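Take a look at the structure below.
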Amino acid sequence: MASEFGVLSLVPPLLAIVLAVATRRAMLSLFIGIWVGGIIYTGGTGVAQLYDWIVSSIGGSTFNAKILVFTLQIGAGIALIWRLGGAIAITNFATKRIDSHRKIGIATWLLGILWNFDDYANNAIVGSSMKNLADELKMSREKLAYLLDSTAAPVATIGISSWVAFEIGLIANQYEELGIQAETPSAAATFIQSIPFNVYAILAIAMVGIIVITQRDFGEMLDAESRAQRTGDVIREDAQPLQNIKDELGEPLSDNAPLRVFFLPVIALVSVVIGGAAMMGYAPGRTPVEMVSNTDVATALVWGSFAMVTMAVVVGLSEDIMSLGQSMETILDGFGTMLPAVSILVLAWSIGAVASALGTGAYVTQYAEGVVSPMMVPVVVFVTSAFISFAIGTSWGTMSIMTPIVIPLAWAIGGNDPSFIAVAIGAMFSGAIFGDNCSPISDTTVLASTFAGSDHIDHVRTQMYYAFTVLLATIVVYFLYGATNLSPLVLLPVGILTLVGLVYGFSELDARRKNLSAKPTSSNASTRNVSSDD
């Protein structure tokens, strides 16, 4: 069904995005976008509708509420580890083994790939583990945020995660509505077949590897990395990072704490999240995929973050570093460090509600129907999904909007060929990840900024160059598939080689234009300057 608001349905999300990038004021831009959406929706005032959307984004979804609790508790856990001296302990330990800009980049990339259970937890765990050491090796916070963001949703969408459960559920529901279960593989099998066609996610992960191994940057990331390498300033002057741990929590209470001060709380978080998810999803006879489909990862994250806080308090008391009173004060301070991130999350969810109410997705997708040939299906589905996800800032929302359109479209255009559905599904998931990867109103992008300690809009502006580079390579692969019908296992290496060429070409051109080195000088741990953050 087409949107009754027509082209006006595009105004709120696009206005919020443009204002956020132009002004570097994410919360103000989101608030204005929601307000304008309220005016369009009500045909007048918009203020009452604005707050209805904001309130409903907090209380209307238990998933959102759980993510808010998880985020606050993670903030408390990080604060406790910081005050106990855990960040110093892990830095001292890792500095002996990870002693270069390239090594910290590769370590962050690999950890992001290994932690494929959830994008939120990925950002929290990998970011918290790597930030201090990345600072010591003069990696810009913008670069760290990019590494986190591009190994969060892209990895989660093809790993054993809450994303996979959600995606399989969407396919299964659509098969049931169309009544084609008997003529198609299972929803889980269709999902597995679609993975090689989720080209953007695969190439985004590969792009991180190319960047950290070659040490080549371009666009605003080149400026950020040059600044960090040259001056030691890992954040821009006047930046507003979403975490200000040292400013808000003070100096650590111990500068020679044992490694267990860091590892025990993190192990508690990881083990409880995995164990809790497995326990909720388990039933006799269920396969691992079915367990993932039936678990509640958001609840497991809440349990895990609570276990992290509890373990940190116990460790602080047992090591005689922190009293119970100091622990409680630090927990409250940790909640405070997450308030900017929580505020942006709520506003990002709210503008997603605006897009849903105005029918933004329906307006865009109506133009994809009736003009799509089989050869062009992957490209058209990908580009349409990418535009919607960028505009509304949510991959899951985009998948929910597009699945009821993409599966019937692919079934009809592909001549009732089940394998063609997998192609279209992969392209749709691929486009949805693009928006999650670079939209300033995406919650995952917000959390990457948070756990990297980066200014959110600085992260968006620097990452956008890389996201659009992957977008170009993805379109090349889909065009080649449409023209040749070759297996994606053959075409994905072509996409990776395309990325390598683009990275080398863009980095050389941009470095010459700015009179900078395309490949920053590798540096060992040295004094760094973080003027407005920890």
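Key figures
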item	result
Residue in the stretch 281-289 that is in contact with a helix residue (DSSP H, G or I) (Cβ under 7 Å, 6 or more places away or on another chain), surrounded by 22 or more Cβ atoms within 10 Å (Cβ to Cβ) and either at pLDDT below 85 or more than 15 Å from Phe70 (Cα to Cα) (or both) present	no
Subset of the stretch 78-88 (residues that are among the small types (Gly, Ala, Ser), under 12 Å from Val261 (Cβ atoms) and in a helix (DSSP H, G or I))	Gly86, Ala87
Selection from the stretch 152-193 of residues that are at pLDDT 80 or above, part of a helix (DSSP H, G or I) and hydroxyl-bearing (Ser, Thr, Tyr)	Tyr175, Thr190
Cross-chain or 6+ apart pairs with Cβ under 7 Å, the stretch 61-85 first and closer than 14 Å to Ser327 by Cβ and of a type in the set (D, E, K, R), then part of a helix (DSSP H, G or I) and at pLDDT below 85	Arg83/Leu249
Residues of the stretch 469-503 that turn out to be closer than 16 Å to Val377 by Cα, crowded, with 20+ Cβ neighbours inside 10 Å and hydroxyl-bearing (Ser, Thr, Tyr), as a count	3
Unique match (being over 24 Å from Val383 (Cβ atoms), part of a loop (DSSP other than H, G, I, E, B) and not β-branched (Val, Ile, Thr)) among Met139, Met130	Met139
Matching entry among Lys138, Lys131, Lys143, Lys96 (being more than 16 Å from Gly209 (Cβ to Cβ), within 18 Å of the chain's Cα centre (by Cα) and either crowded, with 24+ Cβ neighbours inside 10 Å or among the basic types (Lys, Arg) (or both))	Lys131
Residue list for the stretch 37-66, filter: in a loop (DSSP other than H, G, I, E, B) and exposed (fewer than 15 other Cβ atoms within 10 Å of the Cβ)	Gly43, Gly44, Thr45, Gly60, Ser61
Meets criteria (surrounded by 15 or more Cβ atoms within 10 Å (Cβ to Cβ) and over 23 Å from Met130 (Cβ atoms)) for Glu319	yes
Hits in the stretch 59-89 - residues which are at pLDDT 75 or above and over 15 Å from Ser305 (Cβ atoms)	Thr62, Asn64, Trp82, Arg83, Leu84, Gly85, Gly86, Ile88, Ala89
Search result, residues across the stretch 168-221 that are closer than 30 Å to Asn515 by Cβ and surrounded by fewer than 17 Cβ atoms within 10 Å (Cβ to Cβ)	Ile213, Thr214
Residue in the stretch 445-455 that is at pLDDT 85 or above, buried (at least 24 other Cβ atoms within 10 Å of the Cβ) and acidic (Asp, Glu) present	yes
Any pair with Cβ under 9 angstrom, 6 or more apart, that starts in the stretch 352-379 at a residue that is of a type in the set (Lys, Arg) and surrounded by fewer than 20 Cβ atoms within 10 Å (Cβ to Cβ) and ends at one that is modelled with pLDDT of 70 or more and not in a helix (DSSP H, G or I)	none
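Residue by residue, here is whether (1) within 17 Å of the chain's Cα centre (by Cα); (2) at pLDDT 80 or above; (3) not acidic (Asp, Glu) holds:
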{"site": "Ile407", "(1), (2), (3)": "no, yes, yes"}
{"site": "Trp411", "(1), (2), (3)": "no, yes, yes"}
{"site": "Gly415", "(1), (2), (3)": "no, no, yes"}
{"site": "Phe420", "(1), (2), (3)": "no, yes, yes"}
{"site": "Ala424", "(1), (2), (3)": "no, yes, yes"}
{"site": "Phe429", "(1), (2), (3)": "yes, yes, yes"}
{"site": "Ala432", "(1), (2), (3)": "yes, yes, yes"}
{"site": "Asn437", "(1), (2), (3)": "yes, yes, yes"}
{"site": "Ser442", "(1), (2), (3)": "yes, yes, yes"}
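The values are calculated or read from the model by the stated rules, or taken from the named source; none is laboratory data. Model, not experiment: these values are computed from the prediction. Glycine gets a Cβ as well: all are built from the backbone with ideal geometry, and neighbour counts include every protein chain shown.
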